[in-house]
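Asker: Handing you this structure, nothing more for now.
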Amino acid sequence: MVSVTAHTLGECWQKCVQVVLEHGHEHNDEDVAIRELLGLSLQIMHPSSEDSFIKEVGDHSVIAKMLEKFSKGVIMEDRPFTYGQLIYDMNGVDQFEWMLERLQKKPETKSATISLLTPGLNVPNLPCLSVLDAKIRNGQVHLQFFFRSQNIFGRQYANLLALSQLHEDLARRSGCELGTMKGYVASAHIYEYDLVEAHKLAENGIGQITDQYYSKGPASIRA
């Protein structure tokens, strides 16, 4: 397992790209090659959804869509589910409010934890983000997460922004200071078509990126 510690979301993204390039191994996603690192642990000391590096370098359309995908009450006709549905309306349960209530009733709780997976669900695409956990320690609310899979170059920055907004909402609603954000990615990968740009990002030599997932990603996505 490889670990990354960073001060900001943008620094974390850049470092995660670097370690996947350095430590990843060749694999494939359907008909597209990937560089994959099994087991990436990350820690962000001062997360903020107002991240200037990500907003300068990230694809704005990907950011906008990801933030929408995490929003409450949003249905996307081109997606089988949204994270907003899984977090705020999972089988009729608002899991965000459930998690918040546990924090409010028992600030020292170890069980403000939610799952975004439905047991036995047999569909091609399961949520990449599988678990969220919040804990209040020393007046700060800390957010932890588990991704079964994450497209590090093409999606991680947008995932982190969306999670940071949720984290900030938890802190505000619970009356706590914002703590750290920590997570684990089981399959941290970069698609072959992104490798050149990923190297540029790792070496601080890139401008704003353009997402290529829907034009060059796996065959099932392009179909």
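Asker: Step by step: first the residues of the range 184-223, then only those that are outside any loop (DSSP other than H, G, I, E, B) and without any contact (Cβ under 8 Å) to a residue 24 or more places away in the chain, then the one that is nearest to L42 (Cα to Cα). Which residue is that?
Answerer: Only one residue fits best here, namely K200.
Asker: Quick one: is G73 at pLDDT below 95, on the phi > 0 side of the Ramachandran plot and of a type outside the set (V, I, T)?
Answerer: yes
Asker: Would you check if there is a residue in the range 186-203 being more than 17 Å from G24 (Cβ to Cβ) and either crowded, with 17+ Cβ neighbours inside 10 Å or small (G, A, S) (or both)?
Answerer: Within the range 186-203, none of the residues are more than 17 Å from G24 (Cβ to Cβ) and either crowded, with 17+ Cβ neighbours inside 10 Å or small (G, A, S) (or both).
Results for (1) touching a strand residue (DSSP E or B) at 6+ places or on another chain (Cβ under 6 Å); (2) free of Cβ contacts under 8 Å to residues at least 24 places away in the same chain, shown as yes or no for each residue.
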position	(1), (2)
A6	yes, no
G10	no, no
E22	no, yes
D29	no, no
I34	yes, no
S41	yes, no
I44	yes, no
S48	no, no
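Asker: Further, regarding this structure: Conditions: (1) free of Cβ contacts under 8 Å to residues at least 24 places away in the same chain; (2) crowded, with 18+ Cβ neighbours inside 10 Å; (3) of a type in the set (G, A, S). G120 meets all but one. Number of the miss?
Answerer: (2)
Asker: Out of the residues in the range 41-72 that are in contact with a Phe, Trp or Tyr (Cβ under 7 Å, 6 or more places away or on another chain) and closer than 26 Å to T113 by Cβ, state the one that is surrounded by the most Cβ atoms within 10 Å (Cβ to Cβ).
Answerer: F70
Asker: Another question, if that's okay. Can you find, within the range 133-157, the residue that is surrounded by the most Cβ atoms within 10 Å (Cβ to Cβ) among those that are aliphatic (A, V, I, L, M) and within 27 Å of A198 (Cβ to Cβ)?
Answerer: I152
Asker: Hey, among Q104, Q150, which residue is in contact (Cβ under 8 Å) with a residue 12 or more places away in the chain and closer than 21 Å to F81 by Cα?
Answerer: Going through Q104, Q150 in turn, the sole match is Q150.
Asker: Still on this structure, I have one more. For the subset of the range 25-72 comprising residues that are in a strand (DSSP E or B) and among the charged types (D, E, K, R), which member is nearest to G183 (Cα to Cα)?
Answerer: Only one residue tops the list, namely E36.
Asker: Here is a follow-up. Only one residue in I114, I75 is closer than 29 Å to D29 by Cβ and not in a loop (DSSP other than H, G, I, E, B), so which one is that?
Answerer: Answer to the check: I114.
Asker: Every residue in the range 117-131 that is in a loop (DSSP other than H, G, I, E, B) and not β-branched (V, I, T), please.
Answerer: L117, P119, G120, L121, N122, P124, N125, L126, P127, C128
Asker: Is it true that some residue in the range 94-109 is among the aromatic types (F, W, Y) and closer than 30 Å to S215 by Cα?
Answerer: No; the residues of the range 94-109 include none that is among the aromatic types (F, W, Y) and closer than 30 Å to S215 by Cα.
The values are calculated or read from the model by the stated rules, or taken from the named source; none is laboratory data. All values reported here derive from a predicted model rather than from experimental measurement. Every residue, glycine as well, gets a Cβ built from its backbone with ideal geometry; the counts of neighbours run over all protein chains shown.
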